[in-house]
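Colleague: Below are the structure tokens for one structure; questions will follow.
The values are calculated or read from the model by the stated rules, or taken from the named source; none is laboratory data. Because the structure is predicted, anything quoted here is derived from the model rather than measured. For neighbour counting, all protein chains shown are included, and Cβ atoms are generated from backbone atoms with ideal geometry for every residue, glycine included. Accessible surface is based on the protein model in full, side chains and every heavy atom, while ligands, DNA and RNA are left aside. Shrake-Rupley method; radii C 1.70, N 1.55, O 1.52, S 1.80 Å.
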Amino acid sequence: MGSEEGAGFEPATGDGPPPGGSAQARASSVRTAFEGLMQIRSLTGERQDDPEGAPAPWELHRPVRAVALALESSGAAPSAVDASGHRVAAGYRVRTGESAGSVRVDWAGPPGSGVAHHEEEALAACAEVLRRLGWTVLLYRGPRRRRYLEVEPPAGVPGVR
């Protein structure tokens with residue numbers, strides 16, 4: 001039994017170790033989890049025109065996990081850290097945002113990896129994935145002019161403040 005089967009699937013947020021096991025097994029787990037999310041959206045979606053086009057209540061209660069799953073399922077690469085907390089891979093990083101229910105996505109990598117040079121294009125790709133899935137995405141500049149995304153559920157979704 002693989003570690004994902006024993007512990008349950010967790011999407012990569014960019015703050016954990018590189019995904020273990022085979023790339024094929026990981027891709028299969030991500031695909032299964034994302035298909036499950038789309039089924040949840042279909043069953044609980046209140047938008048008749050596109051029930052899969054807005055976050056489901058499950059996502060609103062676990063926005064970091066939902067956004068990480070959306071990004072990983074799109075093929076975007078997550079960042080990763082080693083056991084001592086040092087960044088070892090460049091990619092997206094998903095964490096709790098500043099306002100309630102929001103998520104922050106930035107592009108992180110090891111020192112000297114040049115992530116700042118790739119963040120605009122990489123975050124634009126992340127934003128497109130999330131917008132397509134019904135999230136509201138805004139691009140900001142933070143300290144040292146580094147870009148990041150603030151991701152929120154769209155206005156009018158039941159359960160959103």
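Colleague: Counting Lys +1, Arg +1, Asp -1, Glu -1, what net charge surrounds ARG93 among other residues with beta carbon under 10 Å of its beta carbon?
Modeller: +1
Colleague: What distance in nm lies between label points placed 7 Å from Cα along the C-beta direction at ALA125 and THR44?
Modeller: A separation of 3.0 nm, rounded to one decimal place.
Colleague: Pop out the ³J(HN,Hα) list for segment 25-39 in order, Karplus 6.51 cos²θ - 1.76 cosθ + 1.60 with θ = phi - 60°, rounded to Hz; leave Gly and Pro as x.
Modeller: After applying 6.51 cos²θ - 1.76 cosθ + 1.60, I find 5, 5, 4, 5, 5, 5, 4, 5, 5, 5, 4, x, 4, 5, 5 Hz.
Colleague: Starting from the Cα-Cα distance between SER113 and ALA100, subtract it from 0.36 nm times their residue separation and give me the gain in nm to one decimal.
Modeller: 1.5 nm
Colleague: Could you tell me which residue out of ILE40, ALA90, ALA76 lies farthest along the dipole of the chain toward its positive end? Charges go on the beta carbon: Lys and Arg +1, Asp and Glu -1, centred on the Cα centre.
Modeller: So the residue we want is ALA90.
Colleague: While we're here: Could you grab the relative contact order for segment 14-91? Cα pairs under 8 Å, six or more apart, rounded to a whole percent.
Modeller: Normalised by residue count, the contact order of segment 14-91 is 37 percent.
Colleague: Under a 1.4 Å probe, what is the accessible area of segment 20-143 per residue, stated in Å²? Please list the in-between numbers first.
Modeller: Details: 6620 Å² over 124 residues.
Using a 1.4 Å probe on heavy atoms only, each residue of segment 20-143 averages 53 Å².
Colleague: Nothing charged except the Cβ atoms of Lys and Arg (+1) and of Asp and Glu (-1): what's the magnitude of the dipole of segment 68-161 about its Cα centre? Round to the nearest 20 debye.
Modeller: 240 debye
Colleague: Still on this structure, please answer the following. Subtracting the Cα-Cα distance from 0.36 nm times the residue separation, let me have the gained length for HIS61 to ALA77 in nm, one decimal. It would help to have the intermediate numbers written out before the result.
Modeller: Numbers: separation 16, 0.36 × 16 = 5.76 nm, distance 2.41 nm.
Contour length minus the Cα-Cα distance gives 3.4 nm.
Colleague: A follow-up question, please. Using unit Cβ charges (K, R positive; D, E negative) and no other charged atoms, how large, in debye to the nearest 20, is the dipole of the chain about its Cα centre?
Modeller: Working: 18 positive and 20 negative charges, 97 e Å.
Using only the charged Cβ atoms, the result is roughly 460 debye.
Colleague: Near TYR140, within a Cβ-to-Cβ distance under 11 Å, what is the net charge of the other residues, with Lys and Arg +1 and Asp and Glu -1? Each step should come with its number before you reach the end.
Modeller: Values: positive: ARG104, ARG141, ARG145, ARG146, ARG147; negative: GLU98, ASP106, GLU150.
Every neighbour counted, the sum reads +2.
Colleague: Would you compute, from DSSP H runs of 4+ residues alone, the mean residue ellipticity of the chain at 222 nm, taking -39500 (n - 2.57) per run and dividing by the full residue count, rounded to the nearest 500?
Modeller: -12000 deg cm²/dmol
Colleague: Principal axis lengths of segment 55-161 from Cα atoms, whole Å, largest first?
Modeller: Result for segment 55-161: principal-axis Cα extents of 43, 28, 24 Å.
Colleague: Right, here's the next one. Starting from the amide H of THR136, placed 1.01 Å from N in the peptide plane, find each other amide H under 5 Å away whose residue is 5 or more places distant or on another chain.
Modeller: HN-HN under 5 Å from THR136: GLU152.
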